[in-house]
Amino acid sequence: MADDHLGIRRLLSTIMEEIGYEVRLAENGLEAVEAVKERHPHLAFLDVCMPAMNGLQALGRIKEISPETTVVIMTAYISNQVVSEAMEKGASFCISKPFDINKTRPFLQKYFEEEEYGNYYPLNTCSLTLLG
């Protein structure tokens, strides 16, 4: 999970840990890429606007390293251009920030439930937007 804002990292890591999953945090895209090299996670969250390497740049590198990782792009500046680039680079979902914790928690629980039972299929477009 990569976001340059500590509050977002804490919020999402708390949700993920409550569901029962281990979380690795990164402050920028470079750290996220390094974390993926080490672990090849099932799911990665990337903020678009981060220092050192932005989320879209990190997305491209992550999909090269670990094509099976489902990537969720997070942004406060959602636009057709961001969504198109994210889709082209392999993102499965987009979350618009700020997001509503009451919508985010059920989304994550459903993702992991379906992943465990082999029924998960990523969206073919980056069309999921969880609005606050």
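Values in this text are rule-based calculations from the coordinates and carry no lab data. In this text the structure is predicted, and so the values were computed from the model without any measurement. Virtual Cβ from ideal backbone geometry, glycine too; neighbours counted across all protein chains shown.
Relative contact order (percent) for region 1-80, with alpha-carbon contacts under 8 angstrom and 6 or more residues of separation? List each step's numbers first, then the result.
On the way: 123 pairs, mean separation 24.1, N = 80.
The normalised contact order for region 1-80 reaches 30 percent.
Indicate the gyration tensor shape class of region 6-116 (rounded, prolate or oblate), computed on the Cα atoms with a ≥ b ≥ c the square roots of the eigenvalues: a/c under 1.5 is rounded; otherwise a/b larger than b/c is prolate and the rest oblate.
In terms of gyration-tensor shape, rounded.
Could you order the peptides 68-79, 11-22 from most to least packed, using the average number of other C-beta atoms within 10 Å per residue? Intermediate values should be presented prior to the final figure.
Numbers: 68-79: 18.4, 11-22: 14.3.
In decreasing order of mean packing, 68-79, 11-22 become 68-79, 11-22.
Which of the peptides 49-60, 80-91 is most tightly packed, and how do the rest follow, going by the mean number of other Cβ atoms within 10 Å of each residue?
Values: 49-60: 19.9, 80-91: 16.6.
Descending packing order for the listed peptides: 49-60, 80-91.
Report the full-extension gain for the segment PHE107 to THR14: residue separation times 0.36 nm, less the Cα-Cα distance, to one decimal in nm. Walk me through the numbers on the way to the answer.
Details: separation 93, 0.36 × 93 = 33.48 nm, distance 1.44 nm.
Contour length minus Cα-Cα distance gives 32.0 nm.
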